[in-house]
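Notes follow the structure.
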Amino acid sequence: MAKVTRITLDSSGGLERRRLHLREISDDADAPLETVGQDLRKARQRKGEDLAQISRVLKIRKDHLDALEESNFDALPGRAYTIGFVRSYAGYLGLDAGECVERLKAEIAGRSDAKEPAVQVSTPRDRKLPPGGILFAVLLLIAVVYGAYYLFVAIDRMTAQPVPPVPPRLAAEAGLPANPPQPALTAPAPDALAANPGAAAFVPNANVPAVPLSEAPPPAPAPPSLPEGRKFGLQNTNSRITLVVHRPTRVVVQGSNGLFFMNRQLEPGDAYFVPNMVGLKLSTPDAGAVEAILDGSPIGFIGKDGVMAEGLSLNPQDVVDRAQG
């Protein structure tokens, strides 16, 4: 193994040479770098503050701050929220917020690359059918088409050919009338009509007043289709509730710690994917303009048209009870 000479100053100010083994250099190079969460925790400990105090000041949940220090990104609501939490936390502790955010993005990207599964792509040769299989498929298709055609022609012949009448000579020999009388439709007796008033509707010659077409109720108009609007909250991949706006209105979604997740004017067709979190509240000046969709199924509007909604719970069960109530 090769050796390296290190030059340092001794206690008397002279140069001191010491030969180092490459194993010592590799051990220093392989030392693990500290994560952003570890830097945040050390900075907080140096200031002598606890997570509960910082949580009240920054309006960030204590368990989210703890997840940042542990680098447990799966326990955080999403990548955008995680970056915002780190920026606020680092600025509060006096660290370089921009540098911490860049390091955080690198850590998240490294985890995503490690979790990405390898995709196996089959070659076109593997997807080809053998010659015998192609011939069998063609013969099966021909048999199915021929069977369907034969069945269609047979049914058409059975329904198209009427039964011919009995010739007069054969009818005379059998003692049957040449033209059998057809049953006549007669109106029921008045007593029968009195006993069953609905029977007059089935008699062709009964004096039943016809309802003019102009008096029939018009068909219900089809609801107007919504335009393709903007999508907000797409980073909330585990979202269960989606808010769809049918008229222009402002939608405000706020957490229990006072953090705003949504606060903007939405137009018809716009949708917001609500984070799957406990304690979120919804406020809007027009509750009848906001439709709630739970797990992909519409469950109704959150309130009546033109009625202001303030602090409505966005827990899935509360939204279902409110839409059905």
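The values are calculated or read from the model by the stated rules, or taken from the named source; none is laboratory data. Values in this document were obtained by computation on a predicted structure and should not be read as measured data. A quick note on method: Cβ atoms are made from the backbone with ideal geometry, for glycine too, and the neighbour counts reach across all protein chains shown.
Note on the range 278-297: among residues that are under 16 Å from the mean Cα position of the chain (by Cα) and assigned to a loop (DSSP other than H, G, I, E, B), the one that is farthest from residue 248 (Cα to Cα) is 295.
Any chance the range 120-131 includes a residue that's part of a helix (DSSP H, G or I), among the β-branched types (Val, Ile, Thr) and either at pLDDT 85 or above or outside the structural domain of residue 256 (by TED's automatic domain parsing) (or both)? No: zero hits.
Conditions tested, residue by residue: (1) surrounded by 14 or more Cβ atoms within 10 Å (Cβ to Cβ); (2) acidic (Asp, Glu); (3) in contact with a Pro (Cβ under 7 Å, 6 or more places away or on another chain); (4) modelled with pLDDT under 85.
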{"position": "3", "(1), (2), (3), (4)": "no, no, no, yes"}
{"position": "11", "(1), (2), (3), (4)": "no, no, no, yes"}
{"position": "23", "(1), (2), (3), (4)": "no, no, no, yes"}
{"position": "29", "(1), (2), (3), (4)": "no, no, no, yes"}
{"position": "41", "(1), (2), (3), (4)": "yes, no, no, no"}
{"position": "51", "(1), (2), (3), (4)": "yes, no, no, no"}
{"position": "66", "(1), (2), (3), (4)": "yes, yes, no, no"}
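Among residues of the range 82-97 that are under 14 Å from residue 45 (Cβ atoms), those with a Cβ under 8 angstrom from a residue that is not in a helix (DSSP H, G or I), sequence gap 6+ or separate chain, pair up as 89/60. Of all residues in the range 256-271, none satisfies being touching a residue at least 60 places away in the same chain (Cβ under 8 Å) and more than 19 Å from residue 84 (Cβ to Cβ).
Listed by first and then second residue, the pairs with beta-carbon distance under 8 Å, at least 6 apart or on different chains, first residue in the range 298-319 and in a strand (DSSP E or B), second among the acidic types (Asp, Glu), are 298/291; 300/291; 301/291; 312/318.
Count of the range 260-276 residues, restricted to those that are buried (at least 19 other Cβ atoms within 10 Å of the Cβ) and more than 22 Å from residue 307 (Cβ to Cβ), is 3.
Report whether or not residue 75 is free of Cβ contacts under 8 Å to residues at least 40 places away in the same chain and touching a helix residue (DSSP H, G or I) at 6+ places or on another chain (Cβ under 7 Å). Criteria met by residue 75.
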